[in-house]
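Quick notes on the structure that follows.
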Amino acid sequence: MSDHSGNSGTSHSPTTSGSETPRRNFVVEGATVVISLIVGVVPFAAGLLSFLDPLFRKNQTPSKHTKGEQGGKTEMVRICSLEALPPNGPPQRFPVITDQFDAWNFTAQQPIGSVYLQRISDSEVRVFNTTCPHAGCSVSCDGQAFHCPCHNSSFELNGSKRVSESGRENPSPRALDTLEHTIESGDVLVHYQNFYPGREEKKPKA
Amino acid sequence: MIKAFEQWLDDRTGYRKSVDEALFENIPGGSRWVYVTGSMLVFAFVTQAITGIFLWMFYSAGSQNAWESVYWIQNKMQGGWFLRGVHHYMAQGMVILLPLHMVQVIFAKAYVKPREINYWLGLVLLQLTLALGLTGYLLPWDQKGYWATKVATELMSLPPGGEYIQKLVVGGGEYGHYTLTRFFAMHAGVLPILLIGVLALHVAMFRRHGITAHSSSDRPDEYFWPKQVFKDAAACLVLLIAVVIIVVRNHGAELGPPAEPTEAYGAARPEWYYLFLFQLLKHSPSEFIGAIVIPGVAMGFLFLMPLIAKIQYGHIVNVVTLVTLLIGAGYLTVEALQHDSYTRDGEPEAGPARILHHERANAAEDFQRAKRTADHEYERIKELIQFQGIPREGARAGLVYNDPEIQGPRIFTRNCASCHSYQDASGQSDIVGIPGRRADRDEQGNVKASEEAGGAPNLFGFGSRMWISGLLDKDKIQDREFFGDTIHKEGEMASFVQDSLSELDAEQKIKLEQVVKALSAEAQLVSQHQLDTDADAAGDLAAGRTAMSEEFGCLDCHKLHDEGELGSAPDLTGYGSAEWLYQFIANAGHERFYGDNNDRMPAFAASDDPSQNLLSPREITLLVRWLRGDDKDLGAAPQNVATTITPEENADAAEQPEADSETATDSNTDSDSDTDSDADADTEGTDATAEEEQGAASTSS
């Protein structure tokens, strides 16, 4: 490595004895290792701190849009009026319209998801999240049953896992996810939540 | 155990040989502190790569997202300000280290045979680093980065064929999405890859040639490990600590208000390490010479240095030239900074020197005001984001464009400031970015006497109790603050105030105070809401209105609600209210206001045809809201106070001043429209412009 150095004159490089000299300086070597670690870790740690931001992020509704609302955790979203649902009709798909947080953007009253509503009696409504609990695709409904277009999960209109006549396996680990809801002065209000797919228990995403 | 693993690994990879080669490189004459610059540069670059890739995870290139995502990194992301700060200031560390590294190479004569190629590679690395700095400066898409980079890319078009280069760099004729996507691809992709490639060659070639120094008997040779590595690492630590201190002290890198292609930005400056080029341009006979020829010749000379060194005294010529270039660049940098901080103190003798002195002071003042205004706007945008979030159309279109506190001063400066001032009691207007009036100077640089332009009222606090009590003060009414240079200075109002209000007894003084309260309450200022409510409850407002008609005879000339007639003096009904101000600005010469007595106040929107008007309904609304301070405290406007003019009203106002003034004689109509606008204020707040624009559109259709 030092044999081409022209006029640099490395005619007498330290012989291999250099590395064998008893004057090995452990203090310098140790300090070098420590300092190198520090200078290497700091920029990486700075990046890592920000990288982990999504784990700790809590969305804060801008003050203009919090007026008159209690900052309650279970926010009920109006989906439609009860009148819009014919009694004993097939499930109908509705968008869920509420405030949307997308990193730096905040948009009030945006469609952020969808639900199936089915009126089963005068005052009773079934509410399902449209997301398949198997792997998170969006299920469709033909009036007879719910079908997932991805891996052939299917569900009865009451949300339970369907046993196919052909005996084909239903891969969903659980029934369609029902959502908390109330009917207030003729409106259907839903507490919209998404749940982790692929597991038996229904665990809401924070 | 470890030994066995090392052996296993070495059998398969031969890593020991590489490590030995790396660590046990011979250093003739032993380790030295001056050798650390190269390692520091590598360390700085690695830091940039690490922090840059992390920033990449949060940055969004695009003209509606770039500033917004950087704002989020800077203000909302956990540790984001620190990450961005390290990236920003480490880049500057690189730019400082580069010339140091180069000077060391030149002084050590390490650029001559056989190391020419490695020297040239070093110059390429210098260029790549500077290009990284230039491309990175634009990415936040703030005013500062936008305008500084715009100048750089405009200058690219100067050499023959430069138009095409410019178009390719910018991604089209004008700055936009493609400028950002291209700059980002350059900054995070092309340039770093090139830099890594050239750096690898640079280091490999350095290894091949070794260190230039000679061994001597008093300085024995040493291996790279551990002493030189220790020195390198320690120097990197010092650099890192310095960067971290600066980052913490400044709370990260600066971010200005978002880029606005339509707004002049008086503080457009490149990053400090480009200031010498910026300053050079000011001294150059032409842009082509200053921006292309001189820097090109200097760079060409640097490239030729290894060849020049071959001739006799060539090395000395190189050293002297390099030092001269560096001193020149340093001088220009300092000069640029001095010009921007030039003060008016120490006026020289009358003559050209005095004129130059004031020109420089004016320029520095403009620069500093632009900076202050930018800071002020940034803080305001922060409030807006806190208040309503960043809409999808971005901060500029969604927040800045609609905000009276930002747009008001701009519209005022463009349309009103040539006559009106806007200064608080201490004479400060700068905080909102409105330039103060400057004295006209003759060719000797002396202030021209008796040339006071403008002289229309100071509109700071218009309609407030402070303003109205000033107007009704015999000592103030003829000031520039009020009737100033207008014909009203000698008018009936002025003589009334001076004659009838000059010697009041104690009881009359109380009544005058009540008049002030009552008249000011007509404005329904948000900031006086509590005062007005209290005064109303105490009966002061009713008493004031009575005093206006019975005690002082105001309504002999003015109209107030159901009393008095229009035609001789401005309508006091809703004086200073949003509606009143809007109509006044639209047409001050209307019968409801000054009529034939109007003195030079232009009608800004008197025509039925909006295209004929000087100001659009949107602009007038923003101006009015700002003058009244409706949006100063976001969300503070009490629910029952009318603060907004609805777009329909605006359109009507622009369209039918006649019809409006007829209905205005009926005070009931006024209160009705107030309730309408009240409802609007609740639902729309400051982002009513979409509808306002629709209003404007429907007006034009």
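What do you reckon, is A:Glu69 at pLDDT below 85, in a loop (DSSP other than H, G, I, E, B) and under 30 Å from A:Ser140 (Cβ atoms)?
Values: at pLDDT below 85: yes; in a loop (DSSP other than H, G, I, E, B): yes; under 30 Å from A:Ser140 (Cβ atoms): no.
No.
Out of the residues in region B:600-626 meeting the condition of being farther than 16 Å from B:Ala578 by Cα and part of a helix (DSSP H, G or I), tell me which one is most open to solvent (accessible area, probe 1.4 Å).
B:Gln612
Is there a residue in region A:124-132 that is crowded, with 19+ Cβ neighbours inside 10 Å, over 20 Å from the mean Cα position of the chain (by Cα) and either part of a loop (DSSP other than H, G, I, E, B) or not assigned by TED's automatic domain parsing to the domain that holds A:Pro95 (or both)?
No - not one qualifying residue is present in region A:124-132.
Give the residues of region B:20-35 that are away from every other protein chain (no Cβ under 12 Å) and either of a type in the set (D, E, K, R) or open to solvent by less than 60 Å² (accessible area, probe 1.4 Å) (or both), sorted by residue number. Walk me through it before giving the result.
Start the filter on region B:20-35 by keeping residues that are away from every other protein chain (no Cβ under 12 Å), which leaves B:32-35.
Hits for region B:20-35 are B:Arg32, B:Tyr35.
Take the conditions surrounded by 14 or more Cβ atoms within 10 Å (Cβ to Cβ), within 14 Å of another protein chain (Cβ to nearest Cβ) and not aliphatic (A, V, I, L, M) and apply them to A:Phe106. Does it pass? So that I can check it myself, show each step before the final result.
Values: surrounded by 14 or more Cβ atoms within 10 Å (Cβ to Cβ): yes; within 14 Å of another protein chain (Cβ to nearest Cβ): yes; not aliphatic (A, V, I, L, M): yes.
Judged against the criteria, A:Phe106 is a match.
Of all residues in region A:82-101, count the ones that are over 22 Å from A:Gly159 (Cα atoms), in a strand (DSSP E or B), open to solvent by 30 Å² or more (accessible area, probe 1.4 Å) and touching a residue at least 40 places away in the same chain (Cβ under 8 Å). If you could, list the steps in order and put the result at the bottom.
Restricting attention to region A:82-101, the residues satisfying the condition of being over 22 Å from A:Gly159 (Cα atoms) are A:83, A:97-101.
Among the residues that remain, those that are also in a strand (DSSP E or B) are: A:97-101.
Applying the additional criterion that residues be open to solvent by 30 Å² or more (accessible area, probe 1.4 Å) yields A:97, A:99-101.
Pick out the ones that are also touching a residue at least 40 places away in the same chain (Cβ under 8 Å) and you get A:101.
Selection size over region A:82-101: 1.
Of the residues B:Lys509, B:Lys489, which is modelled with pLDDT of 90 or more and over 36 Å from the mean Cα position of the chain (by Cα)?
B:Lys509
Would it be correct to say that B:Arg208 is within 14 Å of chain A (Cβ to nearest Cβ), more than 19 Å from B:Val36 (Cβ to Cβ) and not in a loop (DSSP other than H, G, I, E, B)? If you could, list the steps in order and put the result at the bottom.
Values: within 14 Å of chain A (Cβ to nearest Cβ): yes; more than 19 Å from B:Val36 (Cβ to Cβ): yes; not in a loop (DSSP other than H, G, I, E, B): yes.
Yes: the conditions hold for B:Arg208.
Could you list all residues from region B:545-576 that are outside any loop (DSSP other than H, G, I, E, B) and more than 45 Å from the chain's Cα centre (by Cα)?
First pass over region B:545-576, keeping only residues outside any loop (DSSP other than H, G, I, E, B): B:545-550, B:554-556, B:560, B:563.
Correct list: B:Arg545, B:Thr546, B:Ala547, B:Met548, B:Ser549, B:Glu550, B:Cys554, B:Leu555, B:Asp556, B:Glu563.
Of all residues in region A:165-181, count the ones that are open to solvent by 40 Å² or more (accessible area, probe 1.4 Å) and either closer than 18 Å to A:Gln92 by Cβ or free of Cβ contacts under 8 Å to residues at least 40 places away in the same chain (or both).
8
So, B:Ser157, is that one open to solvent by less than 40 Å² (accessible area, probe 1.4 Å), closer than 25 Å to B:Ala185 by Cβ, without any contact (Cβ under 8 Å) to a residue 24 or more places away in the chain and within 14 Å of chain A (Cβ to nearest Cβ) or not?
Details: open to solvent by less than 40 Å² (accessible area, probe 1.4 Å): yes; closer than 25 Å to B:Ala185 by Cβ: yes; without any contact (Cβ under 8 Å) to a residue 24 or more places away in the chain: yes; within 14 Å of chain A (Cβ to nearest Cβ): no.
So B:Ser157 does not fit the description; no.
Of these, B:Glu377, B:Glu383, B:Glu393, which one is open to solvent by less than 50 Å² (accessible area, probe 1.4 Å) and either closer than 24 Å to B:Pro602 by Cα or not assigned by TED's automatic domain parsing to the domain that holds B:Gly62 (or both)?
Working: B:Glu383 fails: open to solvent by less than 50 Å² (accessible area, probe 1.4 Å); B:Glu393 fails: open to solvent by less than 50 Å² (accessible area, probe 1.4 Å).
The unique qualifying residue is B:Glu377.
Which helices (runs of 4 or more DSSP H) does region A:1-65 wholly contain that include 2 or more residues that are touching a helix residue (DSSP H, G or I) at 6+ places or on another chain (Cβ under 8 Å) and at pLDDT 85 or above? Even if it seems obvious, please write down each step before you answer.
On the way: elements: A:17-20, A:26-51, A:53-56.
Filter on region A:1-65 gives A:26-51.
How many residues are of a type in the set (A, V, I, L, M, F, W, C) and within 8 Å of chain A (Cβ to nearest Cβ) if we restrict to region B:37-54? Steps first, answer last, please.
Narrowing region B:37-54 to residues of a type in the set (A, V, I, L, M, F, W, C): B:40-46, B:49-50, B:53-54.
This time we only want the ones that are within 8 Å of chain A (Cβ to nearest Cβ), so: B:43, B:46, B:50, B:53-54.
Of the residues in region B:37-54, 5 are of a type in the set (A, V, I, L, M, F, W, C) and within 8 Å of chain A (Cβ to nearest Cβ).
Identify the single condition in (1) closer than 27 Å to B:Val320 by Cα; (2) among the hydrophobic types (A, V, I, L, M, F, W, C); (3) open to solvent by less than 20 Å² (accessible area, probe 1.4 Å) that B:Phe276 does not satisfy, given that it satisfies every other one.
Evaluating B:Phe276 over (1) closer than 27 Å to B:Val320 by Cα; (2) among the hydrophobic types (A, V, I, L, M, F, W, C); (3) open to solvent by less than 20 Å² (accessible area, probe 1.4 Å) leaves (3) as the failure.
Please go through region B:74-93 and pick out each residue that is facing chain A (nearest Cβ under 7 Å) and open to solvent by less than 10 Å² (accessible area, probe 1.4 Å). Reasoning before the result, please.
Pass one, region B:74-93, residues facing chain A (nearest Cβ under 7 Å): B:77-80, B:82-83, B:86.
Answer for region B:74-93, where residues must be facing chain A (nearest Cβ under 7 Å) and open to solvent by less than 10 Å² (accessible area, probe 1.4 Å): B:Gly80, B:Leu83, B:Val86.
Would you say B:Phe58 is in the same structural domain as B:His214 (by TED's automatic domain parsing), open to solvent by 20 Å² or more (accessible area, probe 1.4 Å) and at pLDDT 95 or above?
Numbers: in the same structural domain as B:His214 (by TED's automatic domain parsing): yes; open to solvent by 20 Å² or more (accessible area, probe 1.4 Å): yes; at pLDDT 95 or above: yes.
So B:Phe58 passes the test.
Counting residues that are within 14 Å of chain A (Cβ to nearest Cβ) and aliphatic (A, V, I, L, M), which helices (runs of 4 or more DSSP H) fully inside region B:296-403 reach at least 2? Let's see the steps before the verdict.
Values: elements: B:314-340, B:352-388, B:394-398.
Where helices (runs of 4 or more DSSP H) fall fully within region B:296-403 and carry at least 2 residues being within 14 Å of chain A (Cβ to nearest Cβ) and aliphatic (A, V, I, L, M), they are B:352-388, B:394-398.
Going by the structure shown, is B:Ser418 open to solvent by 50 Å² or more (accessible area, probe 1.4 Å) and either among the acidic types (Asp, Glu) or under 30 Å from B:Glu443 (Cα atoms) (or both)? Quick ask: steps written out before the conclusion?
On the way: open to solvent by 50 Å² or more (accessible area, probe 1.4 Å): yes; either among the acidic types (Asp, Glu) or under 30 Å from B:Glu443 (Cα atoms) (or both): yes.
So B:Ser418 passes the test.
From (1) within 25 Å of B:Tyr175 (Cα to Cα); (2) at the interface with chain A (Cβ under 9 Å from one of its Cβ atoms), pick out the condition that doesn't hold for B:Ala61.
Exception for B:Ala61: condition (2).
Please go through region B:340-358 and give me each residue that is under 12 Å from B:Glu443 (Cα atoms) and either free of Cβ contacts under 8 Å to residues at least 12 places away in the same chain or of a type in the set (A, V, I, L, M) (or both), ordered by number. Show your work before the answer.
First, pick out the residues of region B:340-358 that are under 12 Å from B:Glu443 (Cα atoms): B:350-356, B:358.
Listed by number, the residues that qualify are B:Ala350, B:Ala353, B:Ile355, B:Leu356.
Filtering region B:46-73 down to residues that are polar (S, T, N, Q) and in contact (Cβ under 8 Å) with a residue 40 or more places away in the chain, which residue is farthest from B:Gly197 (Cα to Cα)?
Out of the qualifying residues, it is B:Gln64.
Go through region B:243-256 and count every residue that is surrounded by 14 or more Cβ atoms within 10 Å (Cβ to Cβ) and in a helix (DSSP H, G or I).
Let us first name the residues in region B:243-256 that are surrounded by 14 or more Cβ atoms within 10 Å (Cβ to Cβ), namely B:243-244, B:246-247, B:252-256.
Checking which are in a helix (DSSP H, G or I) leaves us with B:243-244, B:246-247.
So the answer is 4.
The values are calculated or read from the model by the stated rules, or taken from the named source; none is laboratory data. What you see is a predicted model, and the numbers here were worked out from it, not measured in a lab. Virtual Cβ from ideal backbone geometry, glycine too; neighbours counted across all protein chains shown. These area figures cover heavy atoms from the full protein model, side chains too; ligands, DNA and RNA do not enter into them. Shrake-Rupley method; radii C 1.70, N 1.55, O 1.52, S 1.80 Å.
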